[in-house]
Amino acid sequence: MIAPLIPMATNPGDLGGIVGFAATLMNSIGEWGVGLFTLLETVFPPIPSEVILPLAGFLSQQGDMNIVLVIITSTLGAYVGGLVLYLLGAALGMERSIRWLAKLPLVDRADFEKAAGWFSRHGKSAVFFGRLIPGVRSLISLPAGADRMNLAVFSAFTIAGSGIWNGLLISLGAALGTQYELIDQYSSFLNYAVYAAIAAVVIWLVVRRVHRNRTVNTPTRN
């Protein structure tokens, strides 16, 4: 019998750097922690599911998590987060909700207006397809609530769209998990890539917010 080339119980922290830290943290919080992350990502968009969910899939391939439970909890978290925004939109209306949420750090009014425009153009189907589109996925629930979309339909579309998106990202991470030795070998390069990506996203969000604030505060000339 040939011994497996990939160790299934490798300590995630062995990867080192931010990649190892993130893997260790994800491994510690477990499947329900992944659900909490997706809930927060839905309500607070700068937290990216594109980073969290592949990592959870990677850990499931290593035997540290149950991949089915990860998909279920992440989809449940996304639905609960979407429901929060739906109820907020239904209670306050679109404009008041945008004014309140736009005060959050690194969240821009234009993001909400983009989601509202998507919903206006595509109607109820925007809730399903919007869950598959970055920049719209986390915020599409707000205009759905403001429009008083049927809650059962909203729930079905949100769960279906979130399940597909989460399943794809988690499966991608699980596929990478079969190449643990390659990832371990190049983990330092992965760390640099993650650092650069985080820095680029933060700088872009800050510059966009500063530019928009200057535009709003600059008096128009007649």
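Things to note:
- Convex hull per residue volume in Å³, alpha carbons only, for region 28-177: 91
- Model label points for Ser28 and Glu113, set 7 angstrom from Cα along the Cα-to-Cβ axis, are 4.2 nm apart.
- Heavy-atom accessible area order for Lys103, Lys124, largest first, 1.4 Å probe: Lys103, Lys124
- Ile159, Ile170, reordered so the largest accessible area comes first (probe 1.4 Å): Ile159, Ile170
The values are calculated or read from the model by the stated rules, or taken from the named source; none is laboratory data. Note that the coordinates shown come from a computational prediction; the quantities given were computed from them, not determined experimentally. As a convention, Cβ positions derive from the backbone with ideal geometry for all residues, glycine included, and neighbour counts pool all protein chains shown. In case anyone asks, the SASA skips ligands and DNA or RNA and just uses the protein heavy atoms, side chains included. Shrake-Rupley method; radii C 1.70, N 1.55, O 1.52, S 1.80 Å.
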